[in-house]
1. Hey, does region 123-136 have a residue that's without any contact (Cβ under 8 Å) to a residue 24 or more places away in the chain and within 23 Å of F290 (Cβ to Cβ)?
2. Is at least one residue of region 26-35 more than 25 Å from I383 (Cβ to Cβ), modelled with pLDDT under 90 and either touching an Asp or Glu at 6+ places or on another chain (Cβ under 8 Å) or among the polar types (S, T, N, Q) (or both)?
3. Going by the structure shown, is A263 in the same structural domain as S129 (by the TED database), buried (at least 21 other Cβ atoms within 10 Å of the Cβ) and of a type in the set (G, A, S)?
4. How about region 278-294: which of its residues are in contact with a Ser or Thr (Cβ under 7 Å, 6 or more places away or on another chain) and either open to solvent by 10 Å² or more (accessible area, probe 1.4 Å) or under 29 Å from M352 (Cα atoms) (or both)?
5. Being modelled with pLDDT of 80 or more and exposed (fewer than 15 other Cβ atoms within 10 Å of the Cβ): is that true of P941 here?
6. Please give the helices (runs of 4 or more DSSP H) falling wholly within region 718-776 in which 3 or more residues are polar (S, T, N, Q) and either crowded, with 17+ Cβ neighbours inside 10 Å or over 51 Å from the mean Cα position of the chain (by Cα) (or both).
7. Only one of these conditions is not met by N191: (1) surrounded by fewer than 23 Cβ atoms within 10 Å (Cβ to Cβ); (2) at pLDDT below 85; (3) assigned by the TED database to the domain that holds A144. Which number is it?
Amino acid sequence: MNWFINGGILETKAGLLGDGGKMWLKCLEKVSGNSCKIHHLYYQYIGSKRIRKTWWRKLLFAWIVGWITVSVWLFWYMSSQAFEKRKETLASMCDERARMLQDQFNVSMNHVQAMSILISTFHHGKNPSAIDQRTFARYTERTAFERPLTSGVAYAVRVIHSEREQFENQQGWTIKRMDTFEQSPVQKDDNVAKALEPSPIQEEYAPVIFAQDTVAHVVSLDMLSGTEDRENVLRARASGKGVLTAPFRLLKTNRLGVILTFAVYKTDLPSNAMPNERIQATDGYLGGIFDIESLVEKLLQQLASKQTILVNVYDITHQSHPISMYGSNVSDDGLEHVSALNFGDPFRKHEMRCRFKQKPPWPWLAITTSIGILVIALLIGYIFHATMNRIAKVEDDFHEMMELKKRAEAADVAKSQFLATVSHEIRTPMNGVLGMLHMLMDTELDATQQDYVRTAQDSGKALVSLINEVLDQAKIESGKIELEAMQFDLRAIMDEVLALFSGKAHEKGVELAVYVSDGVPEMLIGDPGRFRQIITNLMGNSIKFTKKGHIFLTVHLVAEVMDSIDVETESSSRNTLSGLPVADRCRSWVGFKTFNPEGSSHTLSPSSSDLINLIVSVEDTGEGIPLEAQPRVFTPFMQVDPSISRKYGGTGIGLSISKCLVGLMNGDIGFVSIPDIGSTFTFTAVFGNGCSNSNESELQKQRLKTQTNTLSSKFQGMTALVVDPKPVRAKVSRYQIQRLGIHVELVLDLNQGLSSISNENKVVNMVFIEQEVWDKDSSISALFVNKLQNIDLEVSPKLFLLGNSLSSSRTNTATSGVYTPSVITKPLKASMLAASLQRAMGGNMGNPCNGEHPSLSLRKLLVGRKMLIVDDNKVNLMVAAAALKKYGADVVCADSGQKAIKLLKPPHKFDACFMDIQMPEMDGFEATRRIRDMESNWHIPILAMTADVIQATSEECQRCGMDGYVSKPFEAEQLYQEVSRFLQPTSSANL
């Protein structure tokens with residue numbers, strides 16, 4: 001880190017005029033700014049170093065203990081949830097088995113009850129009986145599948161004591177005693193009943209007369225002689241429902257079972273009979289023997305999960321002594337669930353108890369989750385510990401960083417001072433050089449001397465331009481460049497750009513043209529100087545690298561381009577300015593935020609009236625940019641090839657500056673280039689609508705409007721015919737001619753033009769013929785002139801040739817006879833067109849307002865005005881005085897701020913003051929402050945006159961009370977723009 005910062009400082013010091021030093025300085029500012037924030041938060045929330053260490057260690061310990069507690073609680077919670085889920089699963093499985101067991105028992109019980117009704121109907125209800133032992137045995141055997149849970153069915157008839165002897169004689173056997181049968185061991189012999197004792201004498205008997213073959217050994221046994229059976233039989237006949245016995249060992253199988261007993265009543269017994277009525281109506285008793293163990297085994301075999309849990313069935317009629325009916329108590333799991341069973345006998349109570357066979361598994365989810373959370377908490381604690389150590393390290397480095405920041409700020413101040421000094425020290429002598437050369441041009445010089453002076457002037461201006469570019473780049477890097485907001489005429493700026501590059505275009509034989517859409521307002525609000533600088537940079541590059549073809553500058557509204565309404569030149573050879581192929585300009589704005597519906601906030605709607613979004617394209621047919629060099633086009637000080645700088649000159653920062661200025665104008669810039677075809681650069685910019693700005697000076701509005709109307713009023717109502725087969729070139733010609741108020745019609749060739757002129761319904765005042773059409777066939781041109789002379793017209797139209805080369809046009813027109821057309825050399829400009837039309841059409845139609853626009857306008861403003869020039873440099877005083885005297889001003893010079901204060905003490909007769917900023921003893925800022933302090937109801941315009949063009953200087957000029965800013969060396973246009981804000985043309989200027 002120390003190496004990085006120190007390296008940045010060294011780079012900053014070593015590269016005061018380069019971009020490397022500024023880049024390092026920005027990095028240092030970001031790092032130091034972040035360090036300040038960390039330092040502030042560090043002390044705000046943590047405190048001093050001693051308290052801080054104790055505090056964060058206690059916090060770390062509390063953090064670890066707290067999360068250990070949370071992990072333990074989470075383990076307990078998840079384990080309990082798993083236990084509850086296991087418990088719910090056991091309850092669900094146990095309730096399911098109990099329900100199935102109860103349902104199957106009820107099915108068998110219903111079948112036994114149905115048999116009791118069958119016996120009542122066909123045995124007791126018929127005489128003789130339709131049922132005997134054989135029939136009963138066969139029937140019960142065949143219907144055994146309907147009673148899968150019963151091991152046998154038997155029927156005992158009710159016999160009173162008085163009928164016993166008769167009954168025994170009918171049956172052929174004696175009623176046997178049940179209790180002795182129950183006490184005997186299990187017998188395998190079916191004839192064991194024969195050896196039993198007869199039933200003792202009692203009021204009534206219930207001997208078994210019918211029995212299923214599986215229980216045939218119970219025939220002749222008296223059910224009322226057994227204690228358990230007697231109780232069940234009596235309850236069954238009194239209640240009319242099935243009753244169960246306590247579990248007992250079944251004969252033969254020795255398995256636990258129960259007997260379900262139903263009373264058989266007479267058929268005429270009502271359903272709501274009382275117990276006494278039921279006893280009196282009883283004919284016998286039907287019993288079904290249930291094998292409980294077999295019943296549960298069959299049930300479990302029907303379930304896929306029968307091996308998962310253990311099932312136990314209990315008779316809990318006596319809660320203190322429950323009787324196990326099925327199952328074992330062997331299990332490793334202490335979890336148990338009890339499900340109630342209802343077999344239809346309210347006296348007997350049963351239940352099913354279920355447990356899992358295996359022990360519960362380890363709660364791995366709870367273990368891993370709690371351990372994982374604990375590990376994460378420990379990692380966070382470790383990160384916190386490392387962060388605190390890092391913050392402590394940052395604190396130790398903070399003071400060193402602050403010291404480095406101070407050194408970097410000092411270096412930045414030194415750089416700004418160095419740039420200001422360099423700017424002043426270079427531009428001050430250059431002002432003298434260029435001023436003297438300008439004064440020298442006003443003397444009597446021969447042609448050779450004038451050529452030498454022009455060369456020196458061009459070299460000096462090139463040096464000033466280079467200095468301006470370097471200073472602009474420095475201001476961009478420091479972020480101190482700002483835009484002005486003033487009203488300007490965009491079309492006038494386009495004319496100035498054409499005038500600037502028309503000479504080079506003629507030398508190279510390149511066609512130069514400008515087209516501004518009719519939708520663009522006449523006046524805009526913005527920074528005209530920076531807008532002109534962008535276009536000049538792009539046009540300069542095009543002129544530099546284009547040897548043939550054309551350079552075409554177009555300006556449209558973004559809304560027009562988005563709506564695709566007659567705005568773009570197609571890339572075909574037929575529809576370009578010169579006929580040569582060009583790069584498709586639509587590809588140059590790919591990625592522009594303006595064309596993205598979700599783009600930036602400065603995207604404008606077409607209906608906006610306060611803001612104007614322009615799109616400007618510069619199209620050329622030059623060498624193009626190699627593909628490998630295109631990514632670094634906007635990089636400062638980068639050339640496509642080192643040889644280009646030696647061949648064409650330049651620093652390689654023009655496009656970089658242009659990109660920054662476009663960004664300040666809320667726009668985008670892009671390009672498309674094809675080697676050996678050409679390049680198209682496009683940018684967008686947002687301006688205010690000068691036509692709707694109510695706050696703008698009415699004087700300036702009126703002046704600009706008067707200049708425009710002066711051009712158009714002289715030719716208002718005239719009609720012109722343009723003969724050009726190329727639509728784009730014809731559109732450019734129409735645009736420039738229409739600016740003079742002339743109605744323009746377009747035709748493709750001379751024949752169509754002759755037909756249009758011959759039309760009696762319209763008057764054509766002038767015909768503009770493209771040189772290419774005129775030179776194509778001299779015989780056709782001569783024929784056109786002859787026919788034109790033969791047409792009976794009140795006023796013959798004037799002929800004009802539009803050519804790129806004046807000498808070639810004159811040569812080719814010599815064959816046209818006496819009707820020789822006038823030649824207008826491209827590029828077309830409204831002022832030049834007006835002058836040419838005036839000369840050709842005769843008469844004094846007034847002086848053109850453009851042509852020498854800055855000089856003539858300055859003379860109108862300055863003639864007879866008394867001006868004070870304050871500068872400590874005698875050469876600058878001489879140059880500035882000569883420049884102002886040239887325009888008719890009365891000039892007084894002062895070489896110090898003290899003298900200026902004395903001269904400007906109210907009252908005085910000065911109209912304006914030009915004051916240098918950097919002067920010994922008292923600079924221009926202090927002198928202006930004192931002058932403003934002396935003024936009460938008096939105010940003289942004071943314009944800063946300095947070679948220091950740093951933005952900070954311009955801001956200081958405004959703070960101290962200066963009214964404007966003029967940079968050295970003087971330019972007529974800049975002088976006019978500043979002076980016209982305060983002075984109006986004098987009446988003597990029109991004499």
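The values are calculated or read from the model by the stated rules, or taken from the named source; none is laboratory data. Computed from a prediction, not measured in an experiment: that's the story for all the values here. Heads up, the Cβs are rebuilt from the backbone with ideal geometry, glycines too, and the neighbour counts pull from every protein chain shown. To get the accessible areas, we keep the full protein, side chains included, count just its heavy atoms, and leave off ligands, DNA and RNA. Shrake-Rupley method; radii C 1.70, N 1.55, O 1.52, S 1.80 Å.
1. No, that holds for no residue.
2. Scanning region 26-35 turns up at least one residue that is more than 25 Å from I383 (Cβ to Cβ), modelled with pLDDT under 90 and either touching an Asp or Glu at 6+ places or on another chain (Cβ under 8 Å) or among the polar types (S, T, N, Q) (or both).
3. yes
4. Of everything in region 278-294, those that are in contact with a Ser or Thr (Cβ under 7 Å, 6 or more places away or on another chain) and either open to solvent by 10 Å² or more (accessible area, probe 1.4 Å) or under 29 Å from M352 (Cα atoms) (or both) turn out to be D283, L286, G287, G288, I289, F290, D291.
5. So P941 does not fit the description; no.
6. In region 718-776, 750-758 are the helices (runs of 4 or more DSSP H) which contain 3 or more residues that are polar (S, T, N, Q) and either crowded, with 17+ Cβ neighbours inside 10 Å or over 51 Å from the mean Cα position of the chain (by Cα) (or both).
7. (3)
Residue by residue, here is whether (1) among the hydrophobic types (A, V, I, L, M, F, W, C); (2) open to solvent by 10 Å² or more (accessible area, probe 1.4 Å) holds:
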{"position": "C893", "(1), (2)": "yes, yes"}
{"position": "S896", "(1), (2)": "no, yes"}
{"position": "L904", "(1), (2)": "yes, no"}
{"position": "P907", "(1), (2)": "no, yes"}
{"position": "A927", "(1), (2)": "yes, no"}
{"position": "M945", "(1), (2)": "yes, no"}
